[in-house]
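**Q** Got a structure for you, written out below as structure tokens; questions coming shortly.
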Amino acid sequence: MKLGVYTAILHDKPLREALETIAALGLTGAEINAGGFLPTPHLPVGQLLSGEVSARDYLSTFDGTGVSIAGLNCNGNPLHPDPEVGPEDADDLRNAIRVAGLLGVDRVVTMSGLPQAHPGGQWPAWHVNTWDSGYLDSLDYQWDEIAVPFWSEIDALARDNGVRVAIEMHPQNLVFNPPTLKRLVDKTGATNVGAEMDPSHLFWQGIDPVAAIEWLGPLVLHAAAKDTRINDNCRIYGVLDDRFTRIPLDQSPTGLGGRHVVNQWPEDSAWDFVAVGQGHDVDFWARFLQALETVDPNMWVNIEHEDVSFGPLEGLQVAAETLKAANSASVG
């Protein structure tokens, strides 16, 4: 499989230096952020779209590094009812698809988004375990009135630009597991929308990522390498742990668009995102890569580092060594 890094963890470095860091890890791909929750220091989206920067000039930054673009990333909530969030994230996704087409990049990673529960609602509402019929009424509205029209448009735009959009199955989104991913494709009749297989958000839902790959088959378009460790506290708090707390604004919490910011993770957490290999061993990652190879041997698998117990470079090194060992084992 082709292995790379999602460069958000390297946003403190100029693009060329980030590419050299990836090459030094023995990896060959860079997934570049193109909007959404995070800024775009490695991709001049507006300048590329306006023609101020040519695709050729931008791509020349990669020359001689041995690293190529392994997709663009535009994770956000394009269905958010807040007018300061949803429309901007939706436009970011449209622009990411257009820029990908200009650069000859055929994968854009994003999230499905999550709308309000009913017309006039002001906050996204995530309905799971829908035992009450009212929740199904709300889901009908969220899917049929909001998500299907938007994603039908995005599928057409992706098709026009020679791009396939890979949705990260992420809780707090309409698409958060394999059945909801397939539901979106079926409801829209999409030809250019599928799954980004990020196992980290499947692990804590109790989903087997390898079984998920086998079930989705060719709908898996792209992959992330991010691990999750289930802690002993999960026996008490469960996977739906809600003990997050606010980060004081004077500590500059990470913004999520408009007035929304990231909260503080529980100290005695039920589960944590960890570097690849710290939650699941090489054997699992070898089986994961083997399953992806069955779908598409040319698929990119990009490390996403969010383990706070390691520094950025240290965490990437741990993840890269595990993933390369798993890749060798899967080939063997």
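**Q** Give me the one-decimal nm value for the distance between modelled label points at residue 261 and residue 249, 7 Å along each residue's Cα-to-Cβ direction.
**A** About 0.8 nm, to one decimal.
**Q** While we're here: Under a 5 Å amide H to amide H cut-off, with H placed in plane at 1.01 Å, what residues pair with residue 303 once short-range neighbours are removed?
**A** Long-range HN contacts for residue 303: 4, 5, 6, 225.
**Q** Let me ask something additional. Note down the nm distance, to one decimal, between modelled labels 7 Å out along Cα→Cβ at residue 308 and at residue 12.
**A** 1.6 nm
**Q** Here's a follow-up. In segment 62-99, which residues have a backbone nitrogen under 17 Å from the label point lying 7 Å from residue 144's Cα in the Cα-to-Cβ direction?
**A** No residue passes the distance filter.
**Q** Another question, then. Using only helices, what value at 222 nm comes out for the chain when you add -39,500 (n - 2.57) per DSSP H run of length 4 or more and divide by the total residues, to the nearest 500 deg cm²/dmol? Can you show the working numbers first?
**A** Working: 12 runs with 122 residues, N = 332.
Taking each H run of at least 4 residues, the total per residue is -11000 deg cm²/dmol.
**Q** What is the packing order of peptides 185-195, 319-329, 140-150, taking the mean over residues of other C-beta atoms within 10 Å and listing the highest first? Spell out each step's value before the answer.
**A** Working: 185-195: 18.4, 319-329: 20.3, 140-150: 16.5.
Going from most to least packed, we get 319-329, 185-195, 140-150.
**Q** While we're looking at this one, here's another question. Could you identify which residue out of 115, 81, 39 has the top mean-square fluctuation in a GNM of the chain using Cα springs shorter than 10 Å?
**A** Maximum among the listed residues: 39.
**Q** If I take R0 = 41 Å and measure r between the Cβ atoms of residue 205 and residue 60 in this structure, what FRET efficiency does the formula 1/(1 + (r/R0)^6) give, to the nearest 0.05? Mind showing how you got there, number by number?
**A** Working: r = 42 Å, r/R0 = 1.03.
It comes to 0.45.
**Q** If contacts are Cα pairs under 8 angstrom and at least 6 residues apart, what is the relative contact order of segment 184-329 in percent?
**A** Worked out over segment 184-329, it gives 26 percent.
**Q** Here is a further query. Got a sec? How would 293, 314 order by Cβ neighbour count within 10 Å, fewest to most? Before the final figure, lay out each step's value.
**A** Working: 293 17, 314 13.
Neighbour counts put them in this order, fewest first: 314, 293.
**Q** By per-residue mean of other Cβ atoms within 10 Å, what is the highest-first order of 264-276, 157-169? Walk me through the numbers on the way to the answer.
**A** Numbers: 264-276: 18.3, 157-169: 21.6.
Result, highest mean first: 157-169, 264-276.
**Q** How compact is segment 25-108 by the rule of thumb for globular proteins, expressed as Cα Rg over 2.2 N^0.38 Å?
**A** Values: Rg = 13.5 Å, N = 84, 2.2 N^0.38 = 11.8 Å.
Cα Rg divided by the expected 2.2 N^0.38 Å: 1.14.
**Q** Which of the listed residues, 231, 41, 221, is farthest toward the dipole's positive end in the chain, when Lys, Arg count +1 and Asp, Glu count -1 at the beta-carbon?
**A** 221
**Q** If you build a Gaussian network model of the chain, linking Cα atoms that sit under 10 Å apart, which residue out of 206, 279, 71 swings the most?
**A** So, out of 206, 279, 71, the one fluctuating most is 206.
Bear in mind these aren't lab numbers, they're just calculated from the coordinates by the rules spelled out. Every value quoted in this text rests on a predicted model; they were computed, and no experiment measured them. In this analysis, Cβ positions are derived from the backbone assuming ideal geometry, glycine residues included, and neighbour counts consider all displayed protein chains.
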